[in-house]
1. For the subset of the stretch A:317-339 comprising residues that are among the β-branched types (Val, Ile, Thr) and surrounded by fewer than 19 Cβ atoms within 10 Å (Cβ to Cβ), which member is nearest to RNA strand B (Cβ to nearest atom)?
2. Would you mind finding the one in A:169, A:163 that is within 17 Å of residue A:117 (Cα to Cα) and either more than 8 Å from RNA strand B (Cβ to nearest atom) or of a type in the set (Gly, Ala, Ser) (or both)?
3. Could we say that residue A:386 is away from RNA strand B (no atom under 12 Å from the Cβ), of a type in the set (A, V, I, L, M) and either more than 30 Å from residue A:520 (Cβ to Cβ) or surrounded by 14 or more Cβ atoms within 10 Å (Cβ to Cβ) (or both) here?
4. List pairs: first residue in the stretch A:165-184 and outside the structural domain of residue A:200 (by TED's automatic domain parsing) and aromatic (Phe, Trp, Tyr), second residue modelled with pLDDT under 95 and surrounded by 21 or more Cβ atoms within 10 Å (Cβ to Cβ) anywhere in the structure, Cβ distance under 8 angstrom, at least six positions apart or on different chains.
5. Would you point out which residue out of A:478, A:420, A:416 is outside any loop (DSSP other than H, G, I, E, B) and either of a type in the set (D, E, K, R) or closer than 23 Å to residue A:390 by Cβ (or both)?
6. Pairs please, first residue from the stretch A:117-138 and on the phi < 0 side of the Ramachandran plot and not assigned by TED's automatic domain parsing to the domain that holds residue A:150, second anywhere and in a loop (DSSP other than H, G, I, E, B) and modelled with pLDDT under 90, Cβ atoms under 9 Å, 6+ apart in sequence or on different chains.
7. Find the residue count for the stretch A:19-54, including only residues that are out of contact with any strand residue (DSSP E or B) (no Cβ under 9 Å at 6 or more places or on another chain) and either charged (D, E, K, R) or modelled with pLDDT under 50 (or both).
8. Take the conditions among the hydroxyl-bearing types (Ser, Thr, Tyr) and within 7 Å of RNA strand B (Cβ to nearest atom) and apply them to residue A:258. Does it pass?
Amino acid sequence: MPTLLPALKKLLAFPSALVQRPRVRIAPSPTGLLHLGTARTALFNFLFAKRYGGTFVLRIEDTDIERSKPEFERDIAEQLRWLGISWDEGIETGGAFGPYRQSERLPIYERYLQPLLEHDRAYFCFCSEETLAAQRETQRTSGEIQRYSGACQSLAPKEARQRAAREKRAIVRLRMPEEHFAFEDLVRGEIAFDTVLFGDIALAKLDGKRFFPLYNFAVAVDDAEMRITHVLRGDDHIANTPKQMIIARLLGLSSPQYAHFSMILAQDRSKLSKRHGATSVRELREAGYFPETIVNFLALLGWNPGTDQELFTLQELIDAFTLDGIQSGGAIWNQDKLEWFNRQWLGAPARRWLTHDALTPELEKKIVAVLAGNRWHVRKETIATLAATVLERAPLANVEELLAGEYRYFFEKPRLDRELLRWKDMADEDVERALDSAKEILEPIPEGEWTQNRLERDLMAAAESLSVSGEKPDRGRLLWPVRVALSGKKQSPGPFDIAAIIGKEETLARIQEAQNIIVRPK
RNA sequence: GCUCCCAUCGUCUAGUCCGGUCUAGGACGCCAGGUUCUCAUCCUGGAAACUGGGGUUCGAAUCCCCAUGGGAGCACCA
């Protein structure tokens with residue numbers, strides 16, 4: 001039964017999906033716009049959940065009140081939706097394991113923290129931040145292991161408790177069990193650590209009367225509380241995994257399975273950061289990229305279907321997604337390929353799922369801004385044609401610059417070069433005649449039918465007949481002079497494209513202008 | 001510094017788990033030719049890689065070790 005093999009292989013690649021519907025999550029902290037790396041992590045988790053009929057949870061890790069901002073949380077939700085990555089449970093949508101904002105789960109964390117303190121698995125630490133920073137510095141320079149010194153380890157629990165209540169400021173640290181700890185990573189296999197290297201990590205901080213959980217503690221609690229079965233995340237979290245698993249174990253909670261993939265790297269192989277250009281989905285969106293482009297690009301950056309297919313809709317990604325297609329090596333951002341994907345999606349509006357024409361509102365805004373102040377009335381269809389015409393030829397990153405420079409002739413009369421109007425060995429009279437017949441063809445076309453298709457049909461028909469008798473048709477005899485009359489350039493989009501965009505009146509005016517230059521020798 | 005992770009064309013990658021079918025496949029980019037009124041698109045073709053060294057084996061891109069290179073982590077951030 002060879003036909004059954006691929007399907008069977010797919011199931012075997014992820015056996016637990018057979019017995020259990022996965023619950024996965026992303027847990028961004030709202031300290032910035034939705035990062036491209038976070039978006040990719042979200043996408044992988046979403047694909048995994050949908051592929052196996054599971055649940056995708058969006059949890060917000062906003063325990064750092066200093067840095068967390070509501071507007072960033074809104075951006076995360078908004079951009080994910082825009083990309084088509086929807087979540088089944090989480091902020092805004094709710095669910096059975098809420099609340100989904102860590103800042104609203106403080107009592108839950110405290111409930112898990114108290115027994116740890118009572119059983120002396122955790123203790124209060126009163127070292128100042130300055131002391132700790134100084135100790136770290138000393139450790140680093142002297143080549144020692146960088147970890148907490150353990151200064152408060154042996155404080156008597158009862159007294160420490162009283163002091164904490166009195167001073168209202170302390171750190172709760174875990175007595176890290178010293179052991180060799182290993183876990184099975186779903187993409188990398190076994191990864192082992194010596195927990196001695198971690199030291200007594202901080203679980204929470206006491207500020208006033210309340211405990212605020214710190215990252216590893218909050219995550220361990222939430223992943224278990226929310227019944228998360230699989231954690232797919234960047235490999236910058238590998239060292240956190242044993243910490244979270246140990247915390248969970250000490251709490252009597254279960255841990256999910258983990259899969260770590262490499263992060264997105266910039267051109268210079270370093271972490272993608274501001275100085276490399278766009279780092280957030282919003283920036284790409286505002287530049288005018290299609291959501292389909294970003295999803296397609298991000299998916300193939302670090303994941304591969306094992307086939308030659310490059311173009312994927314979200315649904316196609318869901319159908320093809322498996323964990324073993326995930327790369328273990330880092331993937332470098334490839335701007336050229338992003339541009340290529342955008343051109344592919346530009347030419348395939350029928351495949352697109354969010355906007356049905358090539359023009360996104362963001363791109364329209366951008367073009368309208370460039371158009372501002374020009375004297376022609378621009379209809380929306382015209383802008384769409386313009387967008388498609390320009391995007392087919394140039395990277396999206398340069399659109400504004402191009403419209404203001406290279407493609408100025410869409411908005412203002414070009415300077416015409418008499419010689420440039422000539423196609424091959426045409427005489428002045430030939431050029432004039434060509435422009436004349438163009439006028440004759442164009443004039444009867446009503447404004448309402450002034451479209452790319454109609455113009456092409458009529459002009460092409462004429463171009464075919466306007467050839468030297470006895471020889472094969474030379475369309476250039478008509479099309480070249482018209483195109484140059486409209487653009488003033490040696491290289492430009494075709495005459496139909498330009499004419500459709502600048503409109504009937506302007507087209508005829510420019511043809512007339514060209515004729516004037518031809519008949520009036522300088 | 002210590003720990004962990006990674007290593008196929010410039011880039012994303014297939015192939016690695018189960019050594020032979022790999023004179024290493026696809027895509028982006030690049031180069032050349034063709035189609036086309038020019039440019040772009042499109043089509044055809046091309047250059048372009050198994051990091052190095054040791055093993056194991058009849059045979060290694062594929063398994064093992066070392067080296068080198070790259071990345072990440074080592075907070076009262078997440």
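1. A:332
2. A:163
3. yes
4. none
5. Residue meeting the stated conditions: A:420.
6. Pairs that qualify, where the first residue is on the phi < 0 side of the Ramachandran plot and not assigned by TED's automatic domain parsing to the domain that holds residue A:150 and the partner is in a loop (DSSP other than H, G, I, E, B) and modelled with pLDDT under 90: there are none.
7. 1
8. no
The values are calculated or read from the model by the stated rules, or taken from the named source; none is laboratory data. A quick note: this is a predicted structure, and the numbers were derived from the prediction, not measured. Because the Cβ atoms are built from the backbone with ideal geometry, glycine has one as well, and the counts that use them run over all protein chains shown.
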